[in-house]
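The values are calculated or read from the model by the stated rules, or taken from the named source; none is laboratory data. This structure is a prediction, so every number in the text was calculated from the model and none was measured. Glycine also receives a Cβ, built like all others from the backbone with ideal geometry; neighbour counts cover every protein chain displayed. Please note that ligands, DNA and RNA were not included when accessible areas were found on the heavy atoms of the full protein model with its side chains. Shrake-Rupley method; radii C 1.70, N 1.55, O 1.52, S 1.80 Å.
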Amino acid sequence: MGTRAVGNHPNLLPKHDRRSVEEQKIDNWLPITASRNGKWWYSAFHNVTAMVGAGVLTLPYAMSELGWGPGIAVMAMSWILTLYTLWQMVEMHEMVPGKRFDRYHELGQYAFGETHGLWIVVPQQLLVEVSLDIVYMITGGKSLKMFHDLICKDSNKCKDMKLSYFIMIFASAQFVLSQLPNFDSIATISLAAALMSICYSTIAWGAAVGKGKEENVDYSLRATTTPGMVFGFLGGLGQLAFSFSSHNVVLEIQASIPSTAEKPSKQAMWKGVVVAYTIVALCYFPVAFVGYWAFGNSVDDDILITLNRPKWLIATANMMVVVHVIGSYQVYAMPVFDMMEMVLVRKMRFSPSWKLRLVSRSLFVAFTMFIGITFPFFGGMIGFFGGFAFAPTSYYVSIPAVRLHFTSIYIRS
(Lines give C-alpha, C1' and ligand atoms only; values in the text may rest on other atoms or scores of the structure.)
Protein backbone atom coordinates (compact mmCIF):
# COMPACT_ATOMS: atom_id res chain seq x y z
CA MET A 1 0.00 0.00 0.00
CA GLY A 2 2.83 2.36 0.94
CA THR A 3 4.63 1.53 -2.28
CA ARG A 4 1.59 2.25 -4.43
CA ALA A 5 1.09 5.64 -2.77
CA VAL A 6 4.40 6.93 -4.07
CA GLY A 7 3.70 7.54 -7.77
CA ASN A 8 4.63 10.25 -10.26
CA HIS A 9 2.18 12.79 -8.89
CA PRO A 10 4.17 15.51 -7.07
CA ASN A 11 1.91 15.42 -3.99
CA LEU A 12 2.57 11.68 -3.57
CA LEU A 13 6.36 11.94 -3.74
CA PRO A 14 8.55 11.90 -0.63
CA LYS A 15 9.28 15.38 0.73
CA HIS A 16 12.93 15.36 -0.40
CA ASP A 17 11.85 14.58 -4.00
CA ARG A 18 8.90 16.97 -4.06
CA ARG A 19 11.08 20.09 -4.26
CA SER A 20 12.91 18.81 -7.32
CA VAL A 21 9.61 18.30 -9.16
CA GLU A 22 8.46 21.79 -8.18
CA GLU A 23 11.78 23.23 -9.29
CA GLN A 24 11.46 21.41 -12.59
CA LYS A 25 8.01 22.91 -13.10
CA ILE A 26 9.45 26.37 -12.50
CA ASP A 27 12.32 25.71 -14.92
CA ASN A 28 9.81 24.59 -17.53
CA TRP A 29 7.98 27.91 -17.09
CA LEU A 30 10.91 30.34 -16.94
CA PRO A 31 11.80 31.86 -20.35
CA ILE A 32 15.40 30.70 -20.61
CA THR A 33 14.89 27.04 -19.67
CA ALA A 34 11.32 26.54 -20.91
CA SER A 35 12.27 25.30 -24.37
CA ARG A 36 15.38 23.55 -25.67
CA ASN A 37 14.29 23.02 -29.27
CA GLY A 38 16.45 25.69 -30.89
CA LYS A 39 18.36 25.08 -34.13
CA TRP A 40 21.81 26.31 -35.09
CA TRP A 41 20.30 28.92 -37.40
CA TYR A 42 18.29 30.26 -34.44
CA SER A 43 21.66 30.97 -32.85
CA ALA A 44 22.80 32.73 -36.02
CA PHE A 45 19.96 35.21 -36.34
CA HIS A 46 19.53 35.70 -32.57
CA ASN A 47 23.21 36.75 -32.42
CA VAL A 48 22.90 38.97 -35.50
CA THR A 49 19.80 40.61 -34.04
CA ALA A 50 21.55 41.11 -30.69
CA MET A 51 24.76 42.54 -32.13
CA VAL A 52 23.97 44.41 -35.35
CA GLY A 53 21.75 46.92 -33.63
CA ALA A 54 21.21 50.54 -34.47
CA GLY A 55 24.76 51.03 -33.17
CA VAL A 56 26.06 50.07 -36.62
CA LEU A 57 24.77 53.40 -37.94
CA THR A 58 26.96 55.25 -35.41
CA LEU A 59 30.20 53.54 -36.51
CA PRO A 60 31.22 56.26 -39.04
CA TYR A 61 30.80 58.80 -36.23
CA ALA A 62 32.97 56.63 -33.95
CA MET A 63 35.58 56.53 -36.74
CA SER A 64 35.54 60.33 -36.86
CA GLU A 65 36.35 60.35 -33.12
CA LEU A 66 39.23 57.90 -33.55
CA GLY A 67 40.71 58.64 -36.98
CA TRP A 68 41.71 56.21 -39.74
CA GLY A 69 44.59 54.38 -38.05
CA PRO A 70 43.22 53.85 -34.53
CA GLY A 71 39.69 53.34 -35.91
CA ILE A 72 40.66 50.49 -38.23
CA ALA A 73 42.87 48.91 -35.56
CA VAL A 74 40.23 49.08 -32.81
CA MET A 75 37.48 47.78 -35.13
CA ALA A 76 39.58 44.79 -36.21
CA MET A 77 40.80 44.03 -32.68
CA SER A 78 37.28 44.29 -31.27
CA TRP A 79 35.93 41.86 -33.85
CA ILE A 80 38.71 39.32 -33.17
CA LEU A 81 38.73 39.68 -29.38
CA THR A 82 34.98 39.51 -28.91
CA LEU A 83 34.78 36.50 -31.25
CA TYR A 84 37.41 34.79 -29.09
CA THR A 85 35.63 35.56 -25.81
CA LEU A 86 32.32 34.49 -27.38
CA TRP A 87 33.90 31.17 -28.39
CA GLN A 88 35.09 30.69 -24.82
CA MET A 89 31.61 31.33 -23.45
CA VAL A 90 30.11 28.82 -25.90
CA GLU A 91 32.69 26.25 -24.75
CA MET A 92 32.07 27.02 -21.07
CA HIS A 93 28.32 26.53 -21.31
CA GLU A 94 28.78 22.83 -20.51
CA MET A 95 32.34 22.66 -19.22
CA VAL A 96 31.15 21.03 -15.97
CA PRO A 97 29.93 17.50 -16.76
CA GLY A 98 26.19 17.15 -16.25
CA LYS A 99 25.57 20.89 -15.80
CA ARG A 100 24.61 23.69 -18.17
CA PHE A 101 25.32 27.34 -17.38
CA ASP A 102 22.07 28.63 -18.84
CA ARG A 103 22.53 32.19 -17.63
CA TYR A 104 25.44 34.62 -17.57
CA HIS A 105 25.24 35.03 -13.80
CA GLU A 106 25.45 31.25 -13.28
CA LEU A 107 28.81 31.23 -15.07
CA GLY A 108 29.81 34.27 -13.02
CA GLN A 109 28.95 32.45 -9.81
CA TYR A 110 31.03 29.47 -10.90
CA ALA A 111 33.99 31.76 -11.68
CA PHE A 112 33.80 34.20 -8.76
CA GLY A 113 31.79 32.33 -6.12
CA GLU A 114 28.08 32.17 -5.33
CA THR A 115 27.78 35.63 -3.77
CA HIS A 116 30.54 37.58 -5.50
CA GLY A 117 29.63 36.17 -8.90
CA LEU A 118 26.04 37.30 -8.50
CA TRP A 119 26.98 40.83 -7.50
CA ILE A 120 29.73 41.19 -10.10
CA VAL A 121 27.75 39.96 -13.09
CA VAL A 122 24.05 40.71 -12.50
CA PRO A 123 24.28 44.52 -12.03
CA GLN A 124 26.40 44.88 -15.16
CA GLN A 125 24.25 42.49 -17.18
CA LEU A 126 21.06 44.28 -16.12
CA LEU A 127 22.62 47.67 -16.86
CA VAL A 128 23.51 46.49 -20.36
CA GLU A 129 20.17 44.88 -21.16
CA VAL A 130 17.91 47.51 -19.62
CA SER A 131 19.88 50.44 -21.07
CA LEU A 132 19.88 48.76 -24.49
CA ASP A 133 16.12 48.34 -24.35
CA ILE A 134 15.75 52.02 -23.46
CA VAL A 135 18.06 52.96 -26.34
CA TYR A 136 16.06 50.72 -28.70
CA MET A 137 12.81 52.27 -27.45
CA ILE A 138 14.16 55.73 -28.34
CA THR A 139 15.74 54.54 -31.61
CA GLY A 140 12.48 52.90 -32.68
CA GLY A 141 10.57 56.11 -31.94
CA LYS A 142 13.13 58.30 -33.72
CA SER A 143 13.19 56.06 -36.79
CA LEU A 144 9.39 56.10 -36.96
CA LYS A 145 9.46 59.89 -36.69
CA MET A 146 12.10 60.16 -39.43
CA PHE A 147 10.01 57.89 -41.66
CA HIS A 148 6.94 60.03 -40.97
CA ASP A 149 8.80 63.30 -41.61
CA LEU A 150 10.40 62.07 -44.84
CA ILE A 151 7.12 60.78 -46.25
CA CYS A 152 5.20 63.89 -45.21
CA LYS A 153 7.90 66.41 -46.11
CA ASP A 154 6.17 67.65 -49.26
CA SER A 155 2.62 67.24 -47.95
CA ASN A 156 0.52 69.73 -46.04
CA LYS A 157 -1.84 67.04 -44.76
CA CYS A 158 0.55 65.64 -42.14
CA LYS A 159 0.76 67.20 -38.72
CA ASP A 160 4.02 67.59 -36.86
CA MET A 161 4.13 65.03 -34.04
CA LYS A 162 6.38 64.94 -31.02
CA LEU A 163 8.91 62.14 -30.56
CA SER A 164 7.02 61.01 -27.44
CA TYR A 165 4.07 59.82 -29.54
CA PHE A 166 6.30 57.75 -31.81
CA ILE A 167 7.98 56.14 -28.80
CA MET A 168 4.53 55.21 -27.50
CA ILE A 169 3.61 53.72 -30.89
CA PHE A 170 6.80 51.65 -30.82
CA ALA A 171 6.10 50.61 -27.21
CA SER A 172 2.61 49.41 -28.13
CA ALA A 173 4.17 46.68 -30.27
CA GLN A 174 6.46 45.69 -27.39
CA PHE A 175 3.55 45.38 -24.96
CA VAL A 176 2.13 42.67 -27.21
CA LEU A 177 5.36 40.90 -28.20
CA SER A 178 6.67 40.83 -24.63
CA GLN A 179 4.05 38.19 -23.82
CA LEU A 180 5.81 35.64 -26.04
CA PRO A 181 7.17 33.10 -23.56
CA ASN A 182 10.76 32.27 -24.62
CA PHE A 183 13.54 32.58 -27.21
CA ASP A 184 12.08 29.92 -29.51
CA SER A 185 8.79 31.82 -29.67
CA ILE A 186 10.51 35.00 -30.93
CA ALA A 187 12.56 33.15 -33.58
CA THR A 188 10.51 34.53 -36.50
CA ILE A 189 10.72 38.07 -35.14
CA SER A 190 14.45 37.69 -34.63
CA LEU A 191 14.89 36.38 -38.19
CA ALA A 192 13.01 39.35 -39.61
CA ALA A 193 15.11 41.70 -37.46
CA ALA A 194 18.37 40.08 -38.63
CA LEU A 195 17.35 40.40 -42.29
CA MET A 196 16.41 44.05 -41.78
CA SER A 197 19.77 44.80 -40.15
CA ILE A 198 21.58 43.42 -43.19
CA CYS A 199 19.33 45.44 -45.51
CA TYR A 200 19.64 48.83 -43.82
CA SER A 201 23.39 48.38 -43.29
CA THR A 202 23.74 47.71 -47.02
CA ILE A 203 21.59 50.74 -47.83
CA ALA A 204 23.76 52.90 -45.54
CA TRP A 205 27.11 52.08 -47.15
CA GLY A 206 25.66 51.60 -50.63
CA ALA A 207 24.04 55.05 -50.58
CA ALA A 208 27.30 56.52 -49.30
CA VAL A 209 29.19 54.97 -52.21
CA GLY A 210 26.54 56.25 -54.62
CA LYS A 211 26.77 59.74 -53.18
CA GLY A 212 30.56 59.69 -53.34
CA LYS A 213 33.16 61.56 -51.33
CA GLU A 214 32.16 65.07 -50.29
CA GLU A 215 34.18 67.99 -51.56
CA ASN A 216 36.86 69.15 -49.12
CA VAL A 217 36.19 66.15 -46.88
CA ASP A 218 38.14 66.45 -43.64
CA TYR A 219 39.55 63.37 -41.89
CA SER A 220 41.02 65.20 -38.90
CA LEU A 221 39.58 64.46 -35.45
CA ARG A 222 36.32 66.19 -34.63
CA ALA A 223 37.69 67.88 -31.53
CA THR A 224 40.34 70.59 -31.71
CA THR A 225 41.41 70.81 -28.04
CA THR A 226 43.38 68.16 -26.17
CA PRO A 227 40.63 67.45 -23.59
CA GLY A 228 38.10 67.26 -26.42
CA MET A 229 40.27 64.80 -28.32
CA VAL A 230 40.72 62.63 -25.23
CA PHE A 231 37.00 62.53 -24.40
CA GLY A 232 36.12 62.07 -28.06
CA PHE A 233 38.54 59.14 -28.34
CA LEU A 234 37.09 57.52 -25.22
CA GLY A 235 33.58 58.13 -26.55
CA GLY A 236 34.51 56.43 -29.82
CA LEU A 237 35.86 53.42 -27.92
CA GLY A 238 32.62 53.27 -25.93
CA GLN A 239 30.53 53.35 -29.11
CA LEU A 240 32.55 50.46 -30.54
CA ALA A 241 32.11 48.51 -27.30
CA PHE A 242 28.37 49.14 -27.57
CA SER A 243 28.45 47.62 -31.06
CA PHE A 244 29.95 44.35 -29.78
CA SER A 245 27.60 43.71 -26.85
CA SER A 246 25.82 40.44 -27.63
CA HIS A 247 27.82 38.47 -25.03
CA ASN A 248 25.22 39.39 -22.44
CA VAL A 249 22.68 37.05 -24.02
CA VAL A 250 24.87 34.35 -25.61
CA LEU A 251 24.53 31.78 -22.79
CA GLU A 252 20.79 32.37 -22.66
CA ILE A 253 20.57 31.80 -26.42
CA GLN A 254 22.63 28.61 -26.15
CA ALA A 255 20.33 27.39 -23.35
CA SER A 256 17.55 27.11 -25.94
CA ILE A 257 19.54 24.56 -27.99
CA PRO A 258 19.19 20.83 -27.18
CA SER A 259 22.28 19.00 -25.97
CA THR A 260 23.34 15.36 -25.69
CA ALA A 261 26.63 13.64 -24.92
CA GLU A 262 27.01 12.76 -28.59
CA LYS A 263 25.94 16.18 -29.86
CA PRO A 264 26.56 18.94 -27.29
CA SER A 265 24.89 22.30 -27.75
CA LYS A 266 28.21 24.03 -28.39
CA GLN A 267 28.46 22.49 -31.87
CA ALA A 268 25.21 24.03 -33.12
CA MET A 269 25.82 27.24 -31.18
CA TRP A 270 29.30 27.79 -32.58
CA LYS A 271 28.11 27.12 -36.12
CA GLY A 272 25.51 29.84 -35.67
CA VAL A 273 28.06 32.21 -34.10
CA VAL A 274 30.45 31.83 -37.06
CA VAL A 275 27.64 32.69 -39.48
CA ALA A 276 26.57 35.61 -37.27
CA TYR A 277 30.08 37.04 -36.98
CA THR A 278 30.59 36.77 -40.74
CA ILE A 279 27.41 38.82 -41.22
CA VAL A 280 28.58 41.26 -38.53
CA ALA A 281 31.84 41.84 -40.42
CA LEU A 282 29.95 42.35 -43.70
CA CYS A 283 27.72 44.94 -42.00
CA TYR A 284 30.14 46.75 -39.68
CA PHE A 285 33.28 47.29 -41.72
CA PRO A 286 31.69 48.68 -44.90
CA VAL A 287 29.36 51.01 -42.97
CA ALA A 288 32.18 52.30 -40.72
CA PHE A 289 34.85 52.75 -43.37
CA VAL A 290 32.72 53.82 -46.35
CA GLY A 291 30.67 56.21 -44.22
CA TYR A 292 33.81 57.85 -42.82
CA TRP A 293 35.45 57.90 -46.28
CA ALA A 294 32.46 59.70 -47.77
CA PHE A 295 31.78 62.31 -45.08
CA GLY A 296 34.85 62.51 -42.84
CA ASN A 297 34.35 64.32 -39.55
CA SER A 298 31.12 65.96 -40.78
CA VAL A 299 29.20 62.68 -40.48
CA ASP A 300 26.26 62.68 -38.04
CA ASP A 301 25.90 60.20 -35.20
CA ASP A 302 23.38 58.41 -37.45
CA ILE A 303 24.65 58.10 -41.01
CA LEU A 304 21.07 57.94 -42.34
CA ILE A 305 20.62 61.55 -41.20
CA THR A 306 23.76 62.57 -43.13
CA LEU A 307 22.64 60.76 -46.28
CA ASN A 308 19.08 62.15 -46.36
CA ARG A 309 18.74 61.31 -50.10
CA PRO A 310 17.21 59.60 -52.01
CA LYS A 311 14.20 60.21 -49.80
CA TRP A 312 12.36 56.95 -50.53
CA LEU A 313 15.47 54.85 -49.86
CA ILE A 314 16.30 56.54 -46.55
CA ALA A 315 12.64 56.29 -45.48
CA THR A 316 12.72 52.55 -46.26
CA ALA A 317 15.96 52.16 -44.31
CA ASN A 318 14.41 53.89 -41.29
CA MET A 319 11.44 51.52 -41.36
CA MET A 320 13.89 48.61 -41.54
CA VAL A 321 15.59 49.98 -38.43
CA VAL A 322 12.19 49.97 -36.69
CA VAL A 323 11.60 46.30 -37.54
CA HIS A 324 15.11 45.43 -36.42
CA VAL A 325 14.98 47.17 -33.04
CA ILE A 326 11.59 45.56 -32.36
CA GLY A 327 13.39 42.21 -32.50
CA SER A 328 16.51 43.45 -30.69
CA TYR A 329 14.37 44.76 -27.85
CA GLN A 330 12.86 41.31 -27.36
CA VAL A 331 16.20 39.48 -27.50
CA TYR A 332 17.67 41.68 -24.76
CA ALA A 333 14.46 41.78 -22.74
CA MET A 334 14.13 37.99 -22.51
CA PRO A 335 16.96 37.51 -19.93
CA VAL A 336 15.52 40.43 -17.93
CA PHE A 337 12.09 38.78 -17.98
CA ASP A 338 13.76 35.57 -16.81
CA MET A 339 15.43 37.30 -13.86
CA MET A 340 12.23 39.10 -12.89
CA GLU A 341 10.11 35.97 -13.06
CA MET A 342 12.72 33.90 -11.23
CA VAL A 343 12.69 36.36 -8.32
CA LEU A 344 8.89 36.57 -8.29
CA VAL A 345 8.39 32.80 -8.35
CA ARG A 346 11.36 31.47 -6.37
CA LYS A 347 11.99 34.28 -3.88
CA MET A 348 8.60 35.94 -3.49
CA ARG A 349 6.69 32.65 -3.95
CA PHE A 350 4.22 33.83 -6.60
CA SER A 351 2.57 31.06 -8.58
CA PRO A 352 3.67 30.84 -12.23
CA SER A 353 0.82 32.11 -14.38
CA TRP A 354 0.06 34.15 -17.48
CA LYS A 355 -1.30 36.92 -15.25
CA LEU A 356 2.04 37.25 -13.45
CA ARG A 357 3.81 37.35 -16.78
CA LEU A 358 1.39 39.91 -18.19
CA VAL A 359 1.81 42.30 -15.26
CA SER A 360 5.57 41.96 -14.75
CA ARG A 361 6.54 42.21 -18.41
CA SER A 362 4.12 45.06 -19.11
CA LEU A 363 5.60 47.00 -16.21
CA PHE A 364 9.08 46.55 -17.66
CA VAL A 365 7.99 47.77 -21.10
CA ALA A 366 6.21 50.71 -19.47
CA PHE A 367 9.37 51.55 -17.50
CA THR A 368 11.60 51.60 -20.59
CA MET A 369 8.98 53.64 -22.44
CA PHE A 370 8.78 56.15 -19.59
CA ILE A 371 12.57 56.58 -19.42
CA GLY A 372 12.73 56.88 -23.21
CA ILE A 373 10.09 59.62 -23.26
CA THR A 374 11.53 61.43 -20.25
CA PHE A 375 15.15 61.26 -21.39
CA PRO A 376 15.14 61.20 -25.22
CA PHE A 377 18.86 62.02 -25.14
CA PHE A 378 19.53 58.68 -23.40
CA GLY A 379 20.93 57.27 -26.66
CA GLY A 380 23.67 59.91 -26.49
CA MET A 381 25.05 58.07 -23.46
CA ILE A 382 25.97 55.03 -25.58
CA GLY A 383 29.66 55.84 -25.17
CA PHE A 384 29.34 55.91 -21.37
CA PHE A 385 27.44 52.64 -21.17
CA GLY A 386 29.81 51.11 -23.72
CA GLY A 387 32.80 51.81 -21.51
CA PHE A 388 31.11 51.17 -18.18
CA ALA A 389 29.19 47.96 -18.81
CA PHE A 390 29.36 46.68 -22.39
CA ALA A 391 33.17 46.47 -22.43
CA PRO A 392 33.43 44.49 -19.14
CA THR A 393 30.75 41.98 -20.08
CA SER A 394 31.93 41.53 -23.69
CA TYR A 395 35.70 41.91 -23.40
CA TYR A 396 37.07 40.94 -20.00
CA VAL A 397 34.61 39.84 -17.28
CA SER A 398 34.71 36.38 -18.86
CA ILE A 399 38.52 36.13 -18.61
CA PRO A 400 38.54 34.57 -15.07
CA ALA A 401 36.00 32.03 -16.31
CA VAL A 402 38.24 31.40 -19.32
CA ARG A 403 41.08 30.53 -16.95
CA LEU A 404 38.74 28.16 -15.11
CA HIS A 405 37.84 26.61 -18.46
CA PHE A 406 41.45 25.83 -19.30
CA THR A 407 42.07 24.64 -15.73
CA SER A 408 39.16 22.20 -15.99
CA ILE A 409 40.50 20.90 -19.33
CA TYR A 410 43.96 20.42 -17.77
CA ILE A 411 42.52 18.56 -14.75
CA ARG A 412 40.40 16.25 -16.93
CA SER A 413 43.37 15.45 -19.17
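Below, the figures for the structure above:
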read-out	value
When the convex hull of its Cα atoms is projected in every direction, mean area for the chain (nm²)	23.8
Degrees separating the helix 68-92 axis from the principal Cα axis of the chain, which is the longest one	10
Angle in degrees between helix 399-412 and the longest Cα principal axis of the chain, rounded to the nearest 10	40
Inter-site label distance for K271 and S172 at 7 Å from Cα along Cβ, in nm	4.2
Charge dipole (debye, nearest 20) of the chain; +1 at Cβ of Lys and Arg, -1 at Cβ of Asp and Glu	1000
Mean Cβ neighbour count within 10 Å, used as a protection proxy, ranking 270-282, 160-172, 197-209, 239-251 highest first	239-251, 197-209, 270-282, 160-172
Projected label distance in nm at N37 and K162, using a 7 Å step from Cα toward the beta-carbon	4.5
Partners for K266 among lysines (Cα-Cα distance below 30 Å; same-chain residues under 8 apart left out)	K25, K39, K99
Local electrostatic count at G55 - Lys and Arg +1, Asp and Glu -1, tallied over other residues with Cβ under 12 Å	-2
For the chain, Cys with no neighbouring Cys Cβ under 4.7 Å	C199, C283
Solvent-accessible area per residue for the range 41-99 (1.4 angstrom probe, square angstrom)	31
Alpha carbon centroid spacing (whole Å) that separates the range 187-248 from the range 35-112	18
Degrees, to the nearest 10: 265-295 long Cα axis against longest axis of the chain	10
Burial order of peptide ranges 338-349, 62-73, 323-334 (average beta-carbon count within 10 Å, highest first)	323-334, 62-73, 338-349
Label zone at V21 (point 7 Å along Cα-to-Cβ), backbone N below 19 Å, the range 326-366	351-352
Inter-label distance, nm, simple model (7 Å from Cα along the C-beta direction), E262/V359	4.7
Ranked by how many other beta carbons lie within 10 Å on average, peptides 183-192, 79-88 from highest	183-192, 79-88
Potential extension, N28-W312 segment - 0.36 nm per residue separation minus Cα distance	97.6 nm
Percent carbon-and-sulfur accessible area, the range 48-180, ignoring ligands, DNA and RNA, probe 1.4 Å	68
Sum of -39500 (n - 2.57) over DSSP H runs of 4+, divided by residues of the chain (222 nm, nearest 500)	-23000 deg cm²/dmol
